[in-house]
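So the structure is just underneath, and the comments pick up after that.
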Amino acid sequence: MAAHLFCHDHPETLTLETTVLDARPGRVVLAQSPFYTGGGGQPADRGTLRWDGGAVAVSGFESVDGQVWHVLDSAVEIAGAVEASVDPAFRRMMRQLHTDTHILNALVYQAFDGALVTGVQMYDDGTARMDFDVPGADNDRIRALEGPINDLIAQNLALNFSHVPLEEAQAQHGLIRSRSVAPPPTSDGTIRIVEIVGLDRQACGGTHLNATGESPPIRILKIDNKGRHNRRVRIGLAG
């Protein structure tokens, strides 16, 4: 089980001085890392490692026996002190998209009798898709949520973050919204909760904004029927 992520506890720290704990050609384990390693439909952060021998891009992450390996885009072998830097524009876009999917999720959940999420994916072009179990839903009713979503973005609602015991999260109706998966518990047996104050509260392990107003408005780009139960809603950042 994962410990609390540095990017959760220090979301504004995008550059970190740290040290290499283990290394192979083209990959390292760091003592601390500012990177979000991906999950829950959110792509992993992009960024760079710098050391006294040069710089290399981080191309991905692999978890092996509880250790997170940073996969590099060349077969260098690094030791000692490094500076790990997250790509700020990509992180910000992912925080915006992920927060906006929570707003969409909250409104669909309220409007369609607790409809659960059956899939989600965010993309590097500033769009995201969410799949919902809403059998027989009128797609025009879903499309009409664009205005209310943008109203909530404009209200600049604060986001709060906390951890609760996994058993408590499972016992609270509506806290875990996905039909098939939930964020993994941390090493202390808790699960992370993301609250948009006055609107929504749910379990999630991704990165989010501090307030909804930090996102531009969104557009609902397309709604597809994917089977008898599933509706796929594609949104995009309008800014």
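We did not get these values from a lab; they are worked out from the coordinates using the rules stated. Computed from a prediction, not measured in an experiment: that's the story for all the values here. Virtual Cβ from ideal backbone geometry, glycine too; neighbours counted across all protein chains shown.
See the values below:
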{"read-out": "For the stretch 116-156: rounded, prolate or oblate by the Cα gyration tensor [a/c cutoff 1.5]", "value": "oblate"}
{"read-out": "Relative counts (whole %) of C-alpha pair distances in the stretch 1-134, using bins that are 5 Å wide", "value": "2, 10, 18, 19, 16, 13, 9, 6, 4, 2, 1, 0"}
{"read-out": "Where only alpha carbons of the chain are counted, the Rg and the Dmax (Å)", "value": "18.8, 60"}
{"read-out": "Net charge of neighbours whose Cβ lies under 12 Å from the Cβ of residue 37, counting Lys and Arg as +1 and Asp and Glu as -1", "value": "-1"}
{"read-out": "For the stretch 5-51 and the stretch 76-122, distance of Cα centres in Å", "value": "16"}
{"read-out": "Computed lengthening from residue 211 to residue 21, 0.36 nm per intervening residue step minus Cα-Cα distance", "value": "64.9 nm"}
{"read-out": "Mean projected area in nm² (Cα convex hull; one quarter of hull surface) for the stretch 29-106", "value": "6.0"}
{"read-out": "The stretch 158-221: C-alpha gyration tensor shape, a/c 1.5 cut-off, then a/b vs b/c", "value": "prolate"}
{"read-out": "P(r), alpha carbons of the stretch 121-239 - 10 Å bins starting at zero, rounded %", "value": "12, 35, 39, 13, 0"}
{"read-out": "Degrees, to the nearest 10: 88-111 long Cα axis against longest axis of the chain", "value": "30"}
{"read-out": "Environment charge of residue 81, counting only residues whose C-beta is closer than 13 Å and scoring Lys/Arg +1, Asp/Glu -1", "value": "-2"}
{"read-out": "Sequence-separation-based contact order of the chain, relative, with Cα cut under 8 Å and 6+ spacing, percent", "value": "20"}
{"read-out": "Sum of -39500 (n - 2.57) over DSSP H runs of 4+, divided by residues of the chain (222 nm, nearest 500)", "value": "-6000 deg cm²/dmol"}
